Amino acid sequence: MVSSTEYGSHTWELLLTVDHQHEGVKNQFLLPVTGDLHVGGLMLKLVEKIEIAQDWSDYAFWWEQKKCWLLKTHWTLDKCGVQADAKLIFTTQHKMLRLRLPNMKTVRLKVSFSSMVFRAVSDICKLLNIRRSEELSLLKQSEGTLKKKKKKDKNSKEPATEDILNLGNSPVSSGLPANAGLYSKTMTPIYDPVSGSPASSTITWFSDGSLNEQNCSILALSHPTCSPEMLAEMYQPRTLADKAKLNAGWLDSSRSLMEQGVQEEDQLLLRFKYYTFFDLNPKYDAVRINQIYEQARWAILLEEIDCTEEEMLIFAALQAYHVSKLSLSSETQDSACDTEVDEVEAALSNLEVTLEGGSKSNILEDITDIPKLADNLKLVRPKKLALKAIKTYWFVFRDTSISYFKNKESAQGEPIEKLNLKGCEVVPDVNVAAKKFGIKLLIPVADGMNEVYLRCDNEDQYARWMAACVLASKGRTMADSSYQPEVQKILSFLQMKNWTMCSQAASEPENVDMKPECFVSPRYTKKFKSKQLIARILEAHQNVSQMSLVEAKLRFIQAWQSLPEFGLSYYIVRFKGSKKDDVLGVSYNRLIRIDMATGDPITTWRFSNMKQWNVNWEIRQVAIEFDQNVSIAFTCLSADCKIIHEYIGGYIFLSTRSKDHNETLDEELFHKLTGGQE
């Protein structure tokens, strides 16, 4: 026995709250503890006091004031810094969360609120059968993007719940390991590679049955689109500042949901954060391909990314009259003929080349003599007073540079000008119907960007020069194995744009059951009448009508990737030494400084030229050093600087992936590159 004075000198009382659902049962306990008591021992003492017999294995202590979990059960209270004024809540680590997927469907499932978001997203993706979870993250909608929705909610007394897919009893969300078979190279294909529907013989692979065939269909197949009224009520960014709001709410991947203020039954968005889609395979990735397609579709409909009228009609034709109809048609389930599979494989091969910058062709191609292009092209230089000077020159493309001469005969001498395209921005300026094939080059110079326009005579010439410019901007030459596939991809996209008038579509658009307002952005519904839109969508459909369902989605994704603004996430920043705000565009391979007023690029910095980057957490400033003694520093005004820091580190992490190691993910490296030291 110890005396009361000795007891009082070492022991103090700690108030603990138990988060349970049992009415009439005590939920607060005042326990005598000592500083050398470890967290696990405190749990044991508390459970012995609670008069409820249940499984407490998922419970842990949440420290309310410090907003942190006490998960290291071998640490003592002294080491954790817990004192008598601490408010500790004994609560479950896995809680229910609502996630809105890219296809606008809401799923309700149990998620770890104590794991880092990176790990939680990995568990969610295993449950939803989405490979490559590192490409996705969780997004909290900012207040600016919720205004319209809140107004609608006030008028409706009861929120609609029929669209919520409840996966609350799934094994992954309960903290159990996912079925390893889903990620095995040798497993049986679980989707039909043409229709994207689950293969019935392998439906049991889905997380031990937590996803039944109906739920798989909801996630892997596209369904009838929203009404024009619903589209009108959704947030549509009008300016670059509006687009910056879309990216302000990304959660910190190195902290838990609970630490970031997320509560049970909250709704978050599950989105593809990084636009580098690696190792897409229709046999395993029907859900992933469909969700990428849906994210692209909504980005175009809500004008989160700009496209021309011609491109909008192609997107409408692919999604409206093709994907929607094939998704609803039961005939596609049995149409897996060999020729269609070959087309899907070909489209997939092109897509992989686009994303990875390489193909499976002979490696010897990359070490042969570097080819060159030589042609007569028109050079367009913007002049003052909005006039343009257009003149034909003899152009020679060699390595990563373009030189131009007065004519072919003078090509042996000194060029009029030599343009180094490494690090430049390449923007297509094409109107197939008007036979306009232009390439806009924004070349970095000391005081900003030098604009150069090239005009080609035909599609073939444009495809060859455009592909060469795209590769040169990344520091690659035409000897790279991705050059020919890039040419074919551009020609394929031009072919989709090159449609002819369909007599039936022109004469009888009223006979077609279609709401064109659901398939084009509001800007174009205001510009054209409904019958005009239907006729033009049907015209565009002629070139995509023979595609299978999965191929149509892959083509849609390819067309999305061809847009100049693809993959750019915008943030409002203030550069060091500047007196005005600018927009920073973050892409998978570069950073772009953009004038907020005009939307014109000012400077581009490639990740390949980056030596190091760091964050001054006290003043929330990001500093980056590049080759040739170039350094920049900026503070982020539209979001936390940690989001941009994580974006840069995340893209560098994703660039290290290899198909040889596609079943392992170096989580430690990800946190090393993105975590930061606050």
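Using a 1.4 Å probe, how large is the accessible area of ARG119, given in Å² and rounded to the nearest 10?
110 Å²
Report, to one decimal in Å, the Kirkwood hydrodynamic radius for region 61-113 based on all distinct Cα pairs.
13.3 Å
May I ask you to evaluate 6.51 cos²θ - 1.76 cosθ + 1.60, the Karplus curve with θ = phi - 60°, for each residue of region 576-586 and list the ³J(HN,Hα) values in order in whole Hz, giving x for glycine and proline?
4, x, 8, 9, 9, 7, 10, 9, 10, x, 10
Order the peptides 408-415, 232-239 from the highest to the lowest mean number of other Cβ atoms within 10 Å of their residues.
232-239, 408-415
For ARG119 paired with THR11, estimate the spin-label separation in nm (one decimal), with each label point 7 Å from Cα along the Cα-to-Cβ line.
Result: 3.5 nm between the two label points.
Put SER631, SER222, SER142 in order of accessible area, largest first, 1.4 Å probe: what do you get?
Result of the area sort, largest leading: SER631, SER142, SER222.
How large is ³J(HN,Hα) for each residue in region 469-476, as worked out from phi by the Karplus curve 6.51 cos²θ - 1.76 cosθ + 1.60 (θ = phi - 60°), to whole Hz, x for Gly and Pro?
5, 4, 5, 4, 4, 8, x, 10
Given a 1.4 Å probe and the protein chains all in place, what does the accessible area of LYS611 round to, in Å² to the nearest 10?
Surface accessible to solvent at LYS611 totals approximately 130 Å².
Just to be sure I understand the model, the point goes 7 Å from the Cα along the line to the Cβ. What's the resulting ARG523 to ALA433 distance in nm?
1.6 nm
Considering only protein heavy atoms, what per residue accessible area in square angstrom results for region 1-130 with a 1.4 angstrom probe?
The answer is 51 Å² per residue.
What is the extension gain from ILE416 to LYS440, computed as 0.36 nm multiplied by their sequence separation minus the C-alpha to C-alpha distance, in nm to one decimal?
Numbers: separation 24, 0.36 × 24 = 8.64 nm, distance 1.90 nm.
My answer for the length gained is 6.7 nm.
With every protein chain present, what accessible area does GLU48 have (1.4 Å probe, heavy atoms only), rounded to the nearest 10 Å²?
Approximately 140 Å² for this residue.
Please identify which residues in region 563-594 have an amide N closer than 16 Å to a label point set 7 Å out from the Cα of ASP600, following the Cα→Cβ vector.
Inside the label zone: 582-583, 593-594.
So what are the ³J(HN,Hα) numbers for region 397-404, from phi and the Karplus equation (6.51, -1.76, 1.60; θ = phi - 60°), rounded to whole Hz, Gly and Pro as x?
Working through the residues one at a time gives 9, 9, 6, 10, 10, 10, 10, 10 Hz.
Quick one: which residues, 5 or more positions from LYS576 or on another chain, have an amide H under 5 Å from its amide H? H modelled 1.01 Å from N in the peptide plane, none for Pro or chain starts.
ALA633, PHE634, THR635
In what sequence, largest accessible area first, do SER655, SER482, SER227 appear using a 1.4 Å probe?
From most exposed to least exposed: SER655, SER227, SER482.
So how do 300-306, 617-623, 109-115 stack up, highest first, on mean other-Cβ count within 10 Å?
Put in order of decreasing packing, that is 109-115, 300-306, 617-623.
What distance in nm separates the two pseudo spin-label positions at LEU637 and ILE619, each 7 Å out from Cα along the beta-carbon direction?
1.7 nm
Tell me, what % of the accessible area of region 1-102 is carbon and sulfur with a 1.4 angstrom probe?
Working: 3120 of 5980 Å².
Of the solvent-accessible surface of region 1-102, carbon and sulfur hold 52 percent.
The values are calculated or read from the model by the stated rules, or taken from the named source; none is laboratory data. Bear in mind that the values here come from a model prediction, so they are computed numbers and not experimental data. Heads up, the Cβs are rebuilt from the backbone with ideal geometry, glycines too, and the neighbour counts pull from every protein chain shown. With ligands, DNA and RNA removed, areas are computed over all heavy atoms of the protein, side chains included. Shrake-Rupley method; radii C 1.70, N 1.55, O 1.52, S 1.80 Å.
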